[in-house]
Amino acid sequence: MWKGRFQTETSNLVQRYGESISYDWRLYAHDIEGSIAHAAALQDAGIITKTEERKIGKGLREIKKEIESGDFRFRMSLEDIHMNIESALTDKIGDAGAKLHTARSRNDQVALDVRLYCRAETEAIFQRVMLMQRALLKLAKQFPEAVVPGYTHLQRGQPVLFSHHLLAYVEMLERDRMRLADCFKRINIMPLGSGALAGSTILLNRRLVAEKLGFPSVSQNSMDAVSDRDFIAELMFVISMIGIHLSRLSEDVILWASAEFGFIELSDAHTTGSSLMPQKKNPDVAELTRGKTGRLVGNLMSLLTTIKGLPMTYNRDLQEDKEPLFDSIDTIKIALEVFAEMMAVAKIREDRTREATSDPFLLATDLADYLVLKGVPFRQAHEVIGRITAYSIEQKKDFGDFDLSEYQQFSEVFEKDVFAVLSVETALKSRKAIGAPSPTNVKRQMGYWEKRLSTKSTLLK
Ligand code: ARG
């Protein structure tokens, strides 16, 4: 492509070192789409004829078919997808092909291709996040009555509806979905026409190209446009955040699936056995997701580190953006799919959740609140219940096993109605502030999500 200035061939080692075709081939459809739009702008500017534009379009579509049927020969010596396609086109149609790269550089070309790719993949991830939200909602709706201890510090705290716990993840994923939508706006800007870095002396209608490719706007600074990778970093951050949310859920699922908790039964299809221990049923999907999240964060760090010391404008370092990006996208898509499939068919073991929530200490806060409602300052109430808890441990007796006189030894405020507090049902019912897990609230939230998640939603027009 640049033989004019050079006397010797590029060393084979340099070719192997610098090639990106082994992974950027997957941009082929976007590269072709971009070239077809570019050809229209060249025709519009009078650089090529209508016939040449048609030839280019036909040639490019043929190349696309060849790539898809496996008949295309990718050549490492042609470095990347852009030069592989351009060279094949010129072999096919001659001069018209050789005109295609007018007023274009691989720098704005690759920026365009990656934006088109990120646009499609952001939509694909967006849909899979919804899939995952729906799976969580489905599981929540299947066990609307299940109660579990809510934990802080992984110590039992207060009772909550299991569905409330699951809906917490639906909320996290909803924020991720909004992050995708927001980052999509910055992906959706058309960079072609920026040339190598300073546009071109040949004036092309950039808006026409944008329109053909469905971009609402064009980039406003050619130097920024060829070296900006913020949009990739941003997408990789959102992907990492989704991964981190799935990883937190993984940790919950792994705990729940253990004999110690036993809150959940995963299906045989979503667990694996042990090659040695015959009794095992392992939650590998959750462990892999927790593990793969490390890769997602690593990929983000890799890109940020690549960008941080780069002078303006394009530098070859930027070619290093693609492998981590592709890896993050592939990883999060399958993670969301497999996790959604697994959660949608999981079963809650209500015998075990009931047993765990029968722990009377889960209601200690409610007892303190009881005293508060009788006029005791909260700090004093807290201390009284703390002493009753210590007494309960010492006597090996539950809160419910004491008689009223025992309570009254700790505070005269206690009356017969204290025993009504000692029920998980009451405890849940009373938690009716916005966002708290009363059954009525949680039911309303499930209705809200049901409606929201059954409406089709897309980032594309
Ligand atoms: N393969 C290159 C990349 O991914 C394309 C742009 C190359 N431009 C250049 N001037 N060498 O960044």
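What to note about this one:
- Stokes-Einstein D (µm²/s) once Rh is taken as the Kirkwood radius of the chain over alpha-carbon pairs, at 4 °C in 1.567 mPa s: 49
- Aspartates and glutamates with Cα under 12 Å of LYS397, excluding same-chain neighbours fewer than 8 positions away: ASP359, GLU406
- Within the accessible area of the range 242-336, the carbon and sulfur atoms contribute 57%, probe 1.4 Å, all protein chains present.
- Listed by chain and number, the lysines whose C-alpha is less than 26 Å from the C-alpha of LYS99, apart from same-chain residues fewer than 8 away, are LYS3, LYS50, LYS55, LYS58, LYS64, LYS65, LYS212.
- Expressed as a fraction of 2.2 N^0.38 Å, the C-alpha radius of gyration for the range 116-156 is 1.83.
- Per residue, the chain exposes an accessible area of 51 Å² to a 1.4 Å probe, with every protein chain left in place.
- Every Cα-Cα pair in the range 59-104 was counted, and those over 12 Å apart are 61% of them.
- Value of D in µm² per second that Stokes-Einstein yields for the range 86-240, Kirkwood Rh from Cα pairs, at 20 °C (1.002 mPa s): 113
- Annotation: the range 361-461 has a Kirkwood hydrodynamic radius of 15.9 angstrom, from the mean reciprocal C-alpha pair distance.
- Only lysines eight or more places from LYS141 in sequence, or on another chain, were considered; those with a Cα closer than 30 Å are LYS280, LYS281, LYS292, LYS333, LYS347, LYS429, LYS432, LYS443, LYS451, LYS456.
- Kyte-Doolittle at least -0.5, axis length at least 15 Å by Cα - qualifying DSSP helices, the chain: 28-44, 81-93, 106-142, 162-187, 230-256, 284-308, 322-344, 378-395
- Remark on the range 82-123: Rg and Dmax equal 12.5, 38 Å (Cα only).
The values are calculated or read from the model by the stated rules, or taken from the named source; none is laboratory data. Only a predicted model underlies this, so the values are computations on that prediction, with no experimental measurement involved. Quick note on the areas: whole protein, heavy atoms, side chains included, nothing else; ligands and nucleic acids left out. Shrake-Rupley method; radii C 1.70, N 1.55, O 1.52, S 1.80 Å.
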